[in-house]
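One structure is given below, encoded as structure tokens.
None of the figures in this text is laboratory data; all of them are computed from the coordinates on show. Worth saying up front: this structure is predicted, and the values here are computed from it rather than measured. Note: ideal-geometry Cβ built from the backbone for every residue, glycine included; neighbour counts use all protein chains shown.
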Amino acid sequence: MNGSTPPTGAALYSLKAKRVWVAGHGGMVGSALVRRLQSENYEVLTVARQTLDLRDQAGTLAWMRKEKPQAVFLAAAKVGGIAANDTLPAEFLFDNLALETNIIDAARQSGVEKLLFLGSSCIYPKHAAQPISEDALLTGALEETNQWYAVAKIAGLKLAQAYRRQFACDFISAMPTNLYGPNDNFDLAASHVMPALIRKAHEAKVQGRNELIVWGTGTPKREFLHVDDCADALVHLMTHYSAEQHVNIGAGEDIAIATLAELIAAIVGFTGRVVFDTTKPDGTPRKLLDSSKLRALGWSPRIGLRDGIVSAYRWFLENRAAE
Ligand code: GDP
């Protein structure tokens, strides 16, 4: 009843001729999904934030009943980096809980055939064994700085599982690692490390400053995946996976923040010094996902870190550098 996935990675569900709703299409993952789906001419539904506030339960149900999506990528979320999470805990917890419960329940009521809920690697315990397998969920305490977001995402994943068990809904969940690419948030107060360092290195270069300030000690390690690779993996899971357990989406290797800063500096052309501001938090020491389950389903990433940063920097120059 819960469905199972053949080990061969055979296709289980087709998006062809389906109405596919990307909830959160304006975000980095949502917009990558729209690009990916439109490249194959799938029928993509989106709804503007001004038209529908996903925290509004009745409004969300009414919209879904009217538009009748058959497949849903739940990529809508309130997101942000270490500083934003720490300063807006109520919003991170409430907004995420509200929109995911609204969409998941409305999906059942409106007869959605398949739904993919998107989590994030911060749902895992702070000191999880590396690389982090799907089984590590709820085996230890969360990282304090992003616990609000993490608790909401764990609730969403459990809700998808519960609807699968109780109502036989074909709802699945995926947990991507740290993502970067077009439509990332380059606002330094709310951004994650990758866009923050791209902006800082660029601004230091053009302003002729000789220091690039990196938060924390530079020793934490993070794994980074280009969002176009992530979108490709999400479509792969939607079409090739049907089971209760969530699936990690990662690149397979991680990098120390200090090394990342040097790499970004080299790509941007910043030639000064990298300086560490240790008054800022480090967060989780390491966060590398075990993505062997996804690999066994026949998917692996295509965009290497250097090429990915080169294209992310190009996107920043064309779209955000002037802001
Ligand atoms: P996290 O993965 O949830 O911890 O979120 P971030 O991407 O915000 O931070 C990852 C790591 O990069 C942490 O150790 C930060 O302290 C470090 N870091 C270094 N410089 C920056 C910066 O300018 N902005 C952010 N957000 N993180 C930075």
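Each Cα pair under 8 Å and six or more residues apart adds its separation to the average, and for the chain the resulting relative contact order is 22 percent. I'd like the antiparallel share, as a percent to the nearest 5, of DSSP beta bridges with both residues in the chain. Beta bridges within the chain, antiparallel portion: roughly 10 percent.
Model label sites at Ala62 and Glu113, defined 7 Å from Cα along the beta-carbon direction, differ in position by 2.8 nm.
With R₀ set to 51 Å, the beta-carbon distance separating Lys280 from Ala17 gives a calculated FRET efficiency near 0.55. Counting only Cα atoms, the stretch 185-323 measures 52, 32, 23 Å along its principal axes, largest extent leading. Remark on the stretch 82-235: ratio of C-alpha radius of gyration to 2.2 N^0.38 Å is 1.19.
Inter-label distance, Glu40 to Thr259: 3.4 nm, where each label sits 7 Å from its Cα along the C-beta direction.
Label reach from Leu188 (point 7 Å along Cα→C-beta): in the stretch 66-81, no amide nitrogen lies under 11 Å.
For the chain, the spherically averaged projection of the C-alpha convex hull amounts to 15.7 nm².
Taken as Cα centroids, the stretch 164-224 and the stretch 53-76 sit 28 Å apart, rounded to the nearest whole angstrom. Take the Kirkwood radius over Cα pairs of the stretch 222-275, plug it into Stokes-Einstein at 37 °C and 0.692 mPa s, and you get 239 µm²/s for translational diffusion.
Largest GNM mean-square fluctuation among Asp86, Asp277, Asp228, using the chain with Cα springs under 10 Å: Asp277.
Given axes a ≥ b ≥ c from the Cα gyration tensor, I'd like to know whether the stretch 247-306 is rounded (a/c under 1.5), prolate (a/b larger than b/c) or oblate. Present the calculation step by step, with values, prior to reporting the outcome.
Working: a/c = 5.02, a/b = 1.72, b/c = 2.91.
In terms of gyration-tensor shape, oblate.
Computed from the C-beta positions of Arg165 and Glu318 and an R0 of 51 Å, the FRET efficiency is 0.65 to the nearest 0.05.
Segment Ser133..Ser300, full-extension length gain: 58.5 nm, with 0.36 nm per residue of separation and the alpha-carbon distance subtracted. Assuming a ≥ b ≥ c are the square roots of the Cα gyration tensor eigenvalues, decide whether the stretch 61-171 counts as rounded (a/c under 1.5), prolate (otherwise, with a/b larger than b/c) or oblate. Here the stretch 61-171 falls in the oblate category. With 27 Å as the limit, write out which pairs from Lys126/Lys205; Lys114/Lys153; Lys78/Lys200; Lys126/Lys153; Lys16/Lys78; Lys153/Lys205 have Cα-Cα distances beyond it, or answer none. Check vs 27 Å cut-off fails for Lys126/Lys205; Lys16/Lys78; Lys153/Lys205. With K and R counted +1 and D and E -1, the other residues having a Cβ less than 15 Å from that of Ala251 yield a net charge of 0.
Anisotropy class assigned to the stretch 123-167 is oblate, per the alpha carbon gyration tensor with a/c at or over the 1.5 cut-off and a/b no larger than b/c.
Among Thr101, Thr177, Thr87, determine the one that fluctuates most according to a GNM of the chain built with springs between C-alpha atoms less than 10 Å apart. Comparing Thr101, Thr177, Thr87 in a Gaussian network model of the chain, the most mobile one is Thr87.
Test of understanding: in a Gaussian network model of the chain with alpha carbons linked when under 10 Å, which of Arg273, Arg108, Arg199 would top the mean-square fluctuation ranking? Result for the chain, Cα springs under 10 Å: Arg273 fluctuates most. Look at Val268, Val274 and count the other Cβ atoms within 10 Å of each Cβ; fewest to most, that gives Val274, Val268.
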